[in-house]
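The values are calculated or read from the model by the stated rules, or taken from the named source; none is laboratory data. In this text, all values refer to a predicted model and were calculated from it rather than measured experimentally. Glycine gets a Cβ as well: all are built from the backbone with ideal geometry, and neighbour counts include every protein chain shown.
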Amino acid sequence: MPRAAKPKAEPVPIRLKRNDLVEVITGKEKGKTGKVLKVLREKNQVLVEKVNMIKRHTRPSPTTGQGGIVEKEAPLMVSKVMLICPKCATATRFHMTVTAEKKKSRVCRKCKDLIDG
Ligand SMILES: [Zn+2]
């Protein structure tokens with residue numbers, strides 16, 4: 001057993017991927033939609049474009065340029081977002097299936113269409 005350091009988040013299977021379109025279903029950002037920029041599997045979090053913006057104060061430096069206040073996305077718990085089906089354009093539940101090409105793919109529960117092309 002490794003030493004007990006920080007309590008780790010219980011890993012949940014995250015079936016979201018970069019560039020998925022998601023809708024926030026709970027919290028103060030509820031109703032917002034955006035593209036998944038990053039999936040943080042070890043934390044069960046996702047970074048969604050233009051959602052959960054936080055302001056960061058930065059000092060001027062050669063890499064950031066002028067410094068000042070920079071707005072950036074803060075990660076959201078994956079349970080707070082839902083995938084938007086590109087076909088029916090609503091936040092939807094989906095399940096996994098294996099296509100004829102033996103590829104794992106996600107299927108929209110509403111329109112039964114493959115979400116992954
Ligand atoms: Zn659908």
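Here are the numbers:
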quantity: Any hit, the stretch 51-71, residues being in a loop (DSSP other than H, G, I, E, B), touching a Leu at 6+ places or on another chain (Cβ under 8 Å) and more than 16 Å from residue 25 (Cα to Cα); calculated: no
quantity: Residue check for residue 26: hydroxyl-bearing (Ser, Thr, Tyr) and either without any contact (Cβ under 8 Å) to a residue 40 or more places away in the chain or within 16 Å of the ligand (Cβ to nearest atom) (or both); calculated: no
quantity: Residues that are acidic (Asp, Glu) and modelled with pLDDT under 95, drawn from the stretch 38-52; calculated: 42
quantity: Residues (within 12 Å of residue 24 (Cβ to Cβ), within 12 Å of the ligand (Cβ to nearest atom) and of a type in the set (Val, Ile, Thr)) located in the stretch 80-96; calculated: 84
quantity: Exclusive hit being in a loop (DSSP other than H, G, I, E, B) and either modelled with pLDDT of 85 or more or farther than 23 Å from residue 90 by Cα (or both), set 35, 28; calculated: 28
quantity: Residues within the stretch 97-113 that are within 13 Å of the ligand (Cβ to nearest atom), assigned to a strand (DSSP E or B) and over 23 Å from residue 37 (Cβ atoms), tallied; calculated: 1
quantity: Residue within the stretch 85-96 that is modelled with pLDDT under 95, of a type in the set (Lys, Arg) and at negative phi present; calculated: yes
